[in-house]
Amino acid sequence: MAHPLGKILSNALAPVLVLNRVLALNLVLALALALVPAMPAAAEFSGVDYTLTNQNGQDFSGQNLANTSFAGATGRQANFSGADLHGAILTQAAFPEANFAGADLSSTLMDKVDFSGVDLTGANLTGAIASGSSFYGATVTNADFSDALIDRLDQRSLCRDAEGTHPGTGVDTRLSLGC
């Protein structure tokens, strides 16, 4: 049988031993973090922020707008012809009658966007996510929609007038739409 004084000392020292272990663990973690090189930050928004702005009639033709946000923006009759919008965010925006001819819209997030009457002649929309968007009356001659996510209703509507081959990717517009 253990001596009663030993049990008392053991009970009294237990919190001190736990505290020492916690302090030692914190010291080891602090040293480990100091010696490990910093990890690169996650991909960040790197473009200009046009979120919730009025860009009606603006001329963005030929500009590098990759990774730019136009979320919630309006751009009626804006000119994006030949612009690089790769990876841009256009969600819940309105670009009726805008010109996107020859624009790079690949890998863009463009859900719930009004693209009614837009000119997408020769535009690259590969990998774009455009669910809930409206392409009513859009011109898509020579456009590439490969791997794009668009609503079935829009796909059927665009197929009625789709024709040509994208000049850069060589992909048939009707095939890229799944017509």
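Some observations on this one:
- A Förster distance of 22 Å, applied to the separation of the beta-carbon atoms of residue 136 and residue 63, puts the FRET efficiency at 0.25.
- Estimated distance in nm for a label pair at residue 151 and residue 76, the labels positioned 7 Å out from Cα along Cα-to-Cβ: 2.1 nm
- Under the Karplus curve 6.51 cos²θ - 1.76 cosθ + 1.60, θ = phi - 60°, whole-Hz ³J(HN,Hα) for segment 143-152, x wherever Gly or Pro sits: 8, 10, 10, 3, 6, 7, 9, 10, 5, 4
- Fully extending the segment from residue 160 to residue 51, taken as 0.36 nm per residue of separation minus the present Cα-Cα distance, adds 35.9 nm.
- Rel. contact order, % - alpha carbon contacts under 8 angstrom, at least six apart, segment 131-172: 48 percent
Throughout, read-outs are computed from the coordinates displayed, never taken from laboratory work. On a predicted model such as this, the values are computed, not experimentally measured, just so you know. Every residue, glycine as well, gets a Cβ built from its backbone with ideal geometry; the counts of neighbours run over all protein chains shown.
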